[in-house]
Amino acid sequence: MGLSNYIAQVSSPSSSAYRQYTKSADQITSDYGPLASSYSQLVNWAQANGLTVVTQYANRLLLDVTGPASAVEQALYVNLNYYLRSDGSQFYAPDRNPSLNVTPTVSGITRLNDIAKAKPLFKLGDGGLTAADMRQAYIPCASSAQLDGTGQCVGIVALDDTVSDQGVQEYMQNVSGLAANYVSNYRYVHSKLPGFTQTVPNGGSLSLEYASDVEMALAMAPGATVVTYEGSDIAAIFNTMFSDTTSLRNAQSAQ
């Protein structure tokens, strides 16, 4: 059973393996990851073609590289050109599908174009809901059943942006309406991917959406550990989330 089939089975309510997350990160690598020798060949190919290796992942499912456009063009047998979107804005993309002169199979390459941009769904409105309002609406039994997310880890994608620690603190102290023990002991951490150095939010609607995601998670599960995974490549973010056992251990140690 390949990795895609395994994911499908643990994600399908009709499967007997639904939510049976019994495989460790090491088992995933052993069962589905590329061979270490194949991964080394890919690393060597990238370096030999003028690309810099940014991150090597323990599960060997992804390799992050960077380099000048000229090196990318030569390595992948493409030309990187500028084109126009329908609204007149500019994006870059290769003029053909890339090719790699390397033995290991490469299933895909990301960030060869920037035609797609993240679009926030966040909208400002009048009034608002406290944490107690949301918990009562979505999990009315939370208090009686002592469901507060303790021992759980909530991961949030923050593509090309970050979240203000001060903003989260102000929400918890002044708006959330949560009990004092949650307000003083909430756990929110940043996981910045290598090469991503942004320390303050961009300030647009996307920043507000990421902040509201963090606040919603803390409101619904104030005992959980909430982590924003911040980077510029969605595949790298998801692979980091997939293999991040540190945040999960930190969440479990709070039980």
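The values are calculated or read from the model by the stated rules, or taken from the named source; none is laboratory data. Everything quoted here is computed from the prediction, not taken from an experiment. Virtual Cβ from ideal backbone geometry, glycine too; neighbours counted across all protein chains shown.
Things to note:
- The residues in segment 84-104 that are in contact (Cβ under 8 Å) with a residue 24 or more places away in the chain and among the hydroxyl-bearing types (S, T, Y) can be counted, and the count is 1.
- Annotation: R60 fulfils all but one of (1) part of a helix (DSSP H, G or I); (2) of a type in the set (D, E, K, R); (3) surrounded by 15 or more Cβ atoms within 10 Å (Cβ to Cβ); the unmet one is (1).
- Matching residues in segment 54-78 - criterion: being over 16 Å from S107 (Cβ atoms) and either in contact (Cβ under 8 Å) with a residue 60 or more places away in the chain or in contact with a helix residue (DSSP H, G or I) (Cβ under 6 Å, 6 or more places away or on another chain) (or both): V54, T55, A58, T66
- Only one of the numbered conditions (1) within 22 Å of the chain's Cα centre (by Cα); (2) more than 30 Å from N5 (Cα to Cα) is violated by D64, and that is (2).
- Matching residues in segment 156-189 - criterion: being out of contact with any helix residue (DSSP H, G or I) (no Cβ under 9 Å at 6 or more places or on another chain) and of a type in the set (G, A, S): A179, A180
- Every condition in (1) among the aliphatic types (A, V, I, L, M); (2) more than 18 Å from G149 (Cβ to Cβ); (3) crowded, with 20+ Cβ neighbours inside 10 Å is met by V226 except one, and the failing one is (2).
- Some residue of segment 158-168 being farther than 26 Å from I237 by Cβ and surrounded by 13 or more Cβ atoms within 10 Å (Cβ to Cβ): no
- Pair list, Cβ under 6 Å, 6 or more apart: segment 170-187 residue more than 17 Å from T225 (Cβ to Cβ), other residue at pLDDT below 90 and surrounded by fewer than 18 Cβ atoms within 10 Å (Cβ to Cβ): G177/T130; G177/A132
- Restricting attention to segment 173-195, the residues being farther than 20 Å from C153 by Cβ and among the aromatic types (F, W, Y) number 0.
- Count of segment 186-200 residues, restricted to those that are surrounded by fewer than 16 Cβ atoms within 10 Å (Cβ to Cβ) and at pLDDT 90 or above, is 2.
- Selection status of Y39, surrounded by 13 or more Cβ atoms within 10 Å (Cβ to Cβ), in contact (Cβ under 8 Å) with a residue 40 or more places away in the chain and outside any loop (DSSP other than H, G, I, E, B): yes
- Test: residue in segment 86-98 that is among the polar types (S, T, N, Q), outside the structural domain of F196 (by TED's automatic domain parsing) and outside any loop (DSSP other than H, G, I, E, B): yes
- In the set (1) buried (at least 16 other Cβ atoms within 10 Å of the Cβ); (2) outside any helix (DSSP H, G or I), the condition left unmet by A75 is number (2).
- Tally, over segment 99-123, of residues that are closer than 21 Å to S232 by Cα and either more than 21 Å from the chain's Cα centre (by Cα) or not aromatic (F, W, Y) (or both): 16
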